[in-house]
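Novice: Below is the structure I would like to discuss, written out as structure tokens.
The values are calculated or read from the model by the stated rules, or taken from the named source; none is laboratory data. Keep in mind the model is a prediction, meaning the values are calculated, not measured. Positions of Cβ are generated from backbone atoms using ideal geometry, with glycine treated the same way; all protein chains shown enter the neighbour counts. These area figures cover heavy atoms from the full protein model, side chains too; ligands, DNA and RNA do not enter into them. Shrake-Rupley method; radii C 1.70, N 1.55, O 1.52, S 1.80 Å.
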Amino acid sequence: MLTLWSDLLDPWAYVVVLRLHRARDRLGISELDFELRACPAELHSGEPARGSQVRSDVGALVQLESAAFSAYSGGAWPTSSLPAFEAQKWGFELGQDVGERFDLALRRALFLHSHNLGRRADLLAVAATEGLDADGLAAALDDGRHRAAITADVAAAREADVEDTPLLVLPDGAGHLNPGVTHRRVRGLAIIDSDHPSVYEEIVRVAAIE
């Protein structure tokens with residue numbers, strides 16, 4: 001199992017998830033599961049992801065994954081990722097495969113299709129588009145059954161000394177921050193220094209045999 005600590009509003013994490021799926025599918029290693037742990041910035045560091053910063057980072061990341069992004073046109077940027085994490089946890093309630101695919105669909109809905117993941121209607125629309133029970137998701141959002149799991153993930157991240165995300169952790173405990181990509185910031189703007197997407201195939205191969 002590969003464990004990813006991330007925020008659903010983080011475009012860097014979206015690239016990690018996209019490349020993990022792509023590498024696993026290419027290699028045909030269906031028995032490897034992804035454990036997608038909630039690490040929302042608003043709880044982990046006390047400040048939610050700012051729309052202006054995310055848009056700036058997307059401007060850099062679109063050079064790496066041009067087909068994965070489009071300019072955000074969903075109105076106000078989501079003020080919280082917690083509703084999206086509740087939806088993500090609900091997806092995993094339906095099964096590992098459903099959860100993984102719905103997680104990717106949520107990230108894609110934000111960064112490619114401009115769905116505001118902080119809005120209930122948008123979350124239900126993503127579920128419906130994926131052929132899932134939107135009424136079931138609505139009930140889960142209403143009763144808050146997955147909120148405790150989110151705060152438990154945040155507590156576990158602190159206990160594990162997760163300082164920055166997206167952090168990918170292999171079965172042997174080795175952690176990789178933003179695998180394959182190095183970048184720096186110049187006056188707040190992300191500058192990509194290197195990108196080696198092939199590392200994902202190696203990560204998947206290693207995880208599959210551990």
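Novice: Nearest 20 debye, what's the magnitude of the dipole of the range 82-163 about its Cα centre given +1 on Lys and Arg Cβ and -1 on Asp and Glu Cβ? Let's see the in-between values first.
Specialist: On the way: 9 positive and 15 negative charges, 54 e Å.
I would put it at about 260 debye.
Novice: Given all pairs of different Cα atoms, what value in angstroms does the Kirkwood hydrodynamic radius of the chain take? Present the calculation step by step, with values, prior to reporting the outcome.
Specialist: Working: mean 1/r = 0.0577 Å⁻¹.
About 17.3 Å, per the Kirkwood formula over Cα pairs.
Novice: Once you keep just the Cα pairs under 8 angstrom separated by 6 or more residues, what percentage relative contact order results for the range 83-151?
Specialist: Details: 67 pairs, mean separation 25.2, N = 69.
It rounds to 36 percent for the range 83-151.
Novice: What does the net charge come to around Ile192 if you take all other residues with beta carbon closer than 13 Å to its beta carbon, with K and R at +1 and D and E at -1? Kindly include the intermediate steps, with their values, before the conclusion.
Specialist: On the way: positive: Arg184, Arg185; negative: Asp57, Glu65, Asp193, Asp195.
Here the charged neighbours net out to -2.
Novice: From Cα pairs below 8 angstrom and at least 6 apart in sequence, can you work out the relative contact order of the range 77-210, rounded to a whole percent? Each step should come with its number before you reach the end.
Specialist: On the way: 128 pairs, mean separation 22.2, N = 134.
It comes to 17 percent, rounded to a whole number.
Novice: Still on this structure, please answer the following. In a shell of Cβ-Cβ distance under 13 Å around His183, excluding His183 itself, what net charge do Lys and Arg (+1) and Asp and Glu (-1) give?
Specialist: -2
Novice: With a 1.4 Å probe and every protein chain left in place, tell me how much accessible area Thr151 has, in Å² to the nearest 10.
Specialist: About 80 Å², ignoring ligands and nucleic acids.
Novice: Additional query: More than 21 angstrom separation, counting every C-alpha pair in the range 1-78; what % is that? Please list the in-between numbers first.
Specialist: Values: 1137 of 3003 pairs.
In whole percent, the long-distance tail amounts to 38.
Novice: While we're looking at this one, here's another question. What percentage of the solvent-accessible surface of the chain, computed with a 1.4 Å probe over protein heavy atoms, is contributed by carbon and sulfur atoms? Please report the intermediate quantities before stating the final value.
Specialist: Values: 4880 of 9460 Å².
Within the chain, the accessible surface is 52 percent carbon and sulfur.
Novice: Shifting gears a bit: Leaving out ligands and nucleic acids, note down the accessible area per residue over the chain with a 1.4 angstrom probe, in whole Å². Could the numbers behind the result be given before it?
Specialist: Values: 9460 Å² over 210 residues.
Ligands and nucleic acids excluded, the result is 45 Å² per residue.
Novice: About its Cα centre, what dipole magnitude does the chain give when the only charges are +1 on Lys and Arg Cβ and -1 on Asp and Glu Cβ, stated in debye to the nearest 20?
Specialist: Numbers: 20 positive and 32 negative charges, 152 e Å.
Once rounded to the nearest 20, the dipole reads 740 debye.
Novice: What Kirkwood hydrodynamic radius, in Å, does the range 93-210 give when the mean of 1/r is taken over all pairs of distinct Cα atoms and then inverted?
Specialist: Numbers: mean 1/r = 0.0581 Å⁻¹.
For the range 93-210, inverting the mean 1/r across all distinct Cα pairs yields 17.2 Å.
Novice: Further question: Using only the C-alpha atoms of the range 65-142, find the volume of their convex hull and express it per residue in Å³. Before the final figure, lay out the partial values.
Specialist: On the way: hull volume 6.7 nm³, N = 78.
Dividing the Cα hull volume of the range 65-142 by its residue count gives 86 Å³.
Novice: Counting only DSSP beta bridges with both residues in the chain, what percent are antiparallel, rounded to the nearest 5?
Specialist: Numbers: 12 of 17 bridges.
The answer is about 70 percent antiparallel.
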